[in-house]
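One structure below.
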Amino acid sequence: MAEKANTAQITFEGKTQELPILEGTIGPHVIDIAKLYGQSDVFTYDPGFTSTAACKSAITYIDGDAGILLHRGYPIEQLAMNGDFIETCYLLYYGELPNKEQRKTFETAITRHTMVHEQMARLFSGFRRDAHPMAVMVAVVGALSAFYQDSTDITDPRQREIASHRMIAKLPTIAAMAYKYHIGQPFIYPRNDLPYAANFLHMCFAVPAEKYEVNPVLARAMDRIFMLHADHEQNASTSTVRLAGSSGANPFACIAAGIACLWGPAHGGANEAALKMLEEIGTADKIPSFIEKVKDKSSNVRLMGFGHRVYKNYDPRAKIMQETAYEVFDALGVADDPLLEVAKQLEQIALSDQYFIDRKLYPNVDFYSGIILRAMGFPTHMFTVLFALARTVGWISQWKEMIEDPSQRIGRPRQLYVGPTQRDYVKAEKR
Ligand code: ACO
């Protein structure tokens, strides 16, 4: 394929076709192949979509080589250091940082939607107590469309907004209910006098028998973890939400689809794996032999929480996560926790080792998040639930952007068919 002015050309079976080149505000150029099949009898092949943009988006930008993550143009570091999750939600959803009045109105709308229909509590009792909380999340979030039918008309902008507010508001309540059900404790109702993250911690860790004060350092850490997971452009779960939404499915069903996709260990489950690895290493003196094992290709052992498909530099979220880890361990009076020590030393050793330098392997967001969540009191099977809670605003913002895009059509990937060619039916007695 050659590039000429603002078009690229593709020659197939002697016929040359001009393909427009599109330019974003930043990032690589994009060759528009939308009309390729219409004009010549050929598809493109890109399993895993590593070279294919499936949509236009103005929400999040990632430059993996430079280690940059921008939400609506703002670097994640600046948002995490100066703002909070509610502000990030507003930014992702509406496109701008809110002024004082806008923030107040938005926060009130979210706060007023934190309770779930009382009948929903009964849904939980249909599940086994030992069910994975993500299994419960997929089902209960999908069931929201059975309870909030007055916000499922996707052609009505106000209904779309109400459904979005409902999900940002209710996901913490549902996540906390999934946790409480799993451990056999009564559900704790939301408290609208508490900020978003503090309210979530309260619903998870309070019990009716005694007063529970939310530790402000932990609430701040939780809020930051939510911010760091809020959106990450067209990853697998976000693309799932968009694809589900492209058929006109209601937003609750689309987010349930996103949660199902996030559940996979290659996506949302990596922080669990990173924590497990740190626990297996156990003490700093075992690090050198572990690193040798990682470098030995025949062992199939990877340094979990290191490396990323997109980031070939420090994942900007990892640095903030590391600082958050120190704050949390300090606040809990366990700054000398052996796992934190293992993580710190492992990171130092890996960053100065030629194997990792040559392959551009740096810590990703999951390297520290698992040990923070564990220190806060969450069991490992809640980690992906927390990720889903935080990512809901990203999914819903991407869904809204898609619905409002006049060029939006149902998503329908093509295939390279490799099955049998046409053949005649063989009657059962002759097979
Ligand atoms: N430990 C050791 N070696 C690694 C690691 C790692 N974590 N990651 C990559 N490598 C090596 C590979 O063995 C390969 O080496 P080679 O060139 O000698 O064969 C080279 O680096 C390139 O690896 P790929 O697998 O091609 O890199 P890719 O971009 O496909 O993988 C991935 C990215 C899957 C994240 C990988 O780095 C990995 O498995 N990391 C550990 C799991 C993890 O932390 N996942 C969380 C990602 S963040 C998130 O999803 C929110």
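Data table
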item	result
Matching residues in region 216-245 - criterion: being within 23 Å of ALA139 (Cβ to Cβ) and either of a type in the set (Asp, Glu) or in a helix (DSSP H, G or I) (or both)	PHE226, ALA236, SER237, THR238, SER239, THR240, VAL241, ARG242, LEU243, ALA244, GLY245
Some residue of region 251-271 being polar (S, T, N, Q), more than 16 Å from THR392 (Cα to Cα) and either more than 12 Å from the ligand (Cβ to nearest atom) or surrounded by fewer than 20 Cβ atoms within 10 Å (Cβ to Cβ) (or both)	no
Yes/no for VAL334 being out of contact with any Ser or Thr (no Cβ under 6 Å at 6 or more places or on another chain) and more than 16 Å from the ligand (Cβ to nearest atom)	yes
Of all residues in region 278-298 being within 9 Å of the ligand (Cβ to nearest atom) and in contact with a helix residue (DSSP H, G or I) (Cβ under 9 Å, 6 or more places away or on another chain), the one that is farthest from MET134 (Cα to Cα)	LYS295
Test result for ARG220, at pLDDT 95 or above, of a type in the set (Lys, Arg) and under 24 Å from VAL365 (Cα atoms)	yes
Among (1) assigned to a loop (DSSP other than H, G, I, E, B); (2) over 26 Å from MET227 (Cβ atoms) - the single one TYR189 does not satisfy	(2)
Cβ pairs under 6 Å, 6+ apart, first in region 339-357 and of a type in the set (Phe, Trp, Tyr) and within 16 Å of the ligand (Cβ to nearest atom), second at pLDDT below 90 and in a helix (DSSP H, G or I)	PHE356/ALA350
Options TYR45, TYR61, TYR90: the member that is in contact with a strand residue (DSSP E or B) (Cβ under 8 Å, 6 or more places away or on another chain), at pLDDT 95 or above and aromatic (Phe, Trp, Tyr)	TYR61
First in region 361-376 and aromatic (Phe, Trp, Tyr), second anywhere and more than 14 Å from the ligand (Cβ to nearest atom) and at pLDDT 90 or above, Cβ under 8 Å, 6 or more apart	PHE367/GLN322; TYR368/GLN322; TYR368/THR324; TYR368/ALA325
Residue match in region 30-42 (condition: surrounded by fewer than 17 Cβ atoms within 10 Å (Cβ to Cβ) and closer than 22 Å to SER237 by Cα)	no
Filter result (in contact with a Pro (Cβ under 9 Å, 6 or more places away or on another chain), surrounded by fewer than 20 Cβ atoms within 10 Å (Cβ to Cβ) and more than 29 Å from LYS180 (Cα to Cα)) within region 362-413	ILE403, GLU404
Considering residues of region 190-228 that are surrounded by 16 or more Cβ atoms within 10 Å (Cβ to Cβ) and among the aromatic types (Phe, Trp, Tyr) only, the residue farthest from the chain's Cα centre (by Cα)	PHE205
Unique residue being hydrophobic (A, V, I, L, M, F, W, C) and touching a Ser or Thr at 6+ places or on another chain (Cβ under 8 Å) when the list is ILE62, ILE21	ILE21
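The values are calculated or read from the model by the stated rules, or taken from the named source; none is laboratory data. Being a predicted model, the structure only gives us computed values, none of them experimental. Ideal geometry is used to build each Cβ from the backbone, glycine not excepted, and the neighbour counts take in all protein chains shown.
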